[in-house]
Amino acid sequence: MSEKTDNEALLSEGDLVADYLEELLDIADLDGDIENSVANGRAHIAIVTDDDRLIGKDGEVLDALQELCRLVVMTEQGHRSRLTLDVGGFRDRRRAELVALAKDAIAEVTETGEAVRMAPLNAYERKIIHDEVAAAGLSSESEGEPPFRRVVVSKG
């Protein structure tokens, strides 16, 4: 499949989810504009709003909404989706926080030589940490069982 065809398929997936979310916002009487794009080989849907009720504590409502959106794609198109959903820029802000935490852990490991065990994170957040650590030339691994799974950063 060509890149253009891939992007068209992902935009179609996003359109399906955008329609679902429009209905959801109407039912819940919430304001928000929906943007559909493709980023990093995934459909990316953003709800532009100042209302944080769709984010919830630590992004829990946002994560649940993202899973519902993926189920909509599975039900309607018959394939598993890797789409990402963001509300009010939460994921971008959280990514910046995680990168800063990773850089702190990298600096500590580099300075002391001792492994650093980070706070528990979900799979998406751990991936961001692993990517930063790898880019810095250090090692990382996940340990523990969800919801207490965490990243351990070391010299390797």
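The values are calculated or read from the model by the stated rules, or taken from the named source; none is laboratory data. Computed from a predicted model, the values in this text were never measured in an experiment. Neighbour counts are summed over all protein chains in view; Cβ atoms, including those assigned to glycine, are modelled from backbone coordinates with ideal geometry. Remember, those area values only see protein heavy atoms, side chains included, never the ligands or the DNA or RNA. Shrake-Rupley method; radii C 1.70, N 1.55, O 1.52, S 1.80 Å.
Taking the Cα centre of the range 1-102 as origin and assigning +1 to Lys and Arg Cβ atoms and -1 to Asp and Glu Cβ atoms, the resulting dipole is close to 640 debye.
Each listed q (0.17, 0.20 Å⁻¹) maps to a log10 I(q)/I(0) for the range 1-88 from the Debye sum over equal C-alpha point scatterers, namely -0.66, -0.90. Remark on the range 42-130: Rg and Dmax equal 15.9, 52 Å (Cα only). Considering all different alpha carbon pairs of the range 68-116, the Kirkwood hydrodynamic radius works out to 13.7 Å. For the chain, the spread of Cα positions along the three principal axes, ordered from largest to smallest, is 53, 39, 25 Å. Compared with the alpha-carbon gap, the fully stretched path from R80 to T5 is longer by 25.3 nm at 0.36 nm per residue. Note on the range 92-154: with charges restricted to the Cβ of Lys and Arg (+1) and Asp and Glu (-1), its dipole about the Cα centre is near 240 debye.
Relative to the longest principal axis of the Cα atoms of the chain, the long axis of helix 3-28 lies at roughly 70 degrees. Think of the range 51-156 as a dipole: +1 on every Lys or Arg Cβ, -1 on every Asp or Glu Cβ, centred on the Cα centre; then among A105, V72, G88, V72 lies furthest on the positive end.
Excluding ligands, DNA and RNA, what is the solvent-accessible area per residue of the chain at a probe of 1.4 Å, expressed in Å²?
On the way: 9480 Å² over 156 residues.
Using a 1.4 Å probe on heavy atoms only, each residue of the chain averages 61 Å².
At full extension, E22 and S37 could sit 3.8 nm farther apart than now, given 0.36 nm per residue minus the alpha carbon distance.
Take each of the peptides 80-88, 141-149, average the number of other beta-carbon atoms within 10 Å over its residues, and list them starting from the highest. Show your work: numbers first, answer last.
Details: 80-88: 18.3, 141-149: 11.3.
Ranking, from highest mean packing down: 80-88, 141-149.
Dipole orientation for the chain: of the candidates G137, L30, L62, G137 has the Cα lying most toward the positive pole (charges on Cβ; Lys, Arg +1; Asp, Glu -1). On the protein heavy atoms, probe 1.4 angstrom, tell me the percent of accessible surface of the range 1-88 carried by carbon and sulfur. Its accessible area is 47 percent carbon and sulfur atoms. Principal-axis analysis of the Cα atoms of the chain puts helix 60-77 at an angle of about 50° to the longest axis.
What do you get for Rg/Rh of the range 92-154 when both radii come from the Cα atoms and Rh is the Kirkwood radius? Please report the intermediate quantities before stating the final value.
Working: Rg = 10.7 Å, Rh = 11.4 Å.
Taking Rg over the Kirkwood Rh, I get 0.94.
Within the chain, how many Lys pairs that are eight or more residues apart, or on different chains, come under 23 Å at the alpha-carbon? Intermediate values should be presented prior to the final figure.
Numbers: K57/K127; K103/K127; K103/K155; K127/K155.
Close lysine pairs under the 23 Å cut-off: 4.
Under a Cβ-only charge scheme (Lys and Arg +1, Asp and Glu -1), can you give me the dipole magnitude of the range 36-156 about the Cα centre, in debye to the nearest 20?
340
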